């Protein structure tokens with residue numbers, strides 16, 4: 001609980017003290033629910049590496065991920081290894097070909113998560 005604990009002082013009215021203490025009871029009653037919610041929010045932001053299962057979390061950069069544990073290159077958006085991703089066949093740009101024409105090809109993914117908003121406007 002982030003609320004300051006009430007101090008037991010002589011001039012503190014009993015009703016005020018009880019009201020302050022009730023705020024702490026509410027925090028305590030909701031603590032388990034808050035921990036569970038925080039855990040699910042964190043889990044929702046993590047995607048496991050398709051090779052070793054180590055969870056990766058996206059920063060503001062592109063959707064391409066390199067696992068720090070096994071060095072697997074993969075797509076954060078669809079969760080597939082680069083070799084399993086649908087890619088443009090007319091070039092040899094690795095995972096970047098997985099982003100080519102993603103707006104029209106449902107098997108491909110955007111390079112940046114912010115691009116989804118641009119298409120849906």
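Nothing in this text is a laboratory measurement; each read-out follows from the coordinates by a stated rule. Computed from a predicted model, the values in this text were never measured in an experiment.
Annotations for the structure displayed:
- With 0.36 nm allotted per residue and the present C-alpha distance subtracted, the residue 38-residue 105 stretch has 20.7 nm of extension available.
- Extension gain from residue 84 to residue 96, taking 0.36 nm per residue of separation minus the Cα-Cα distance: 3.0 nm
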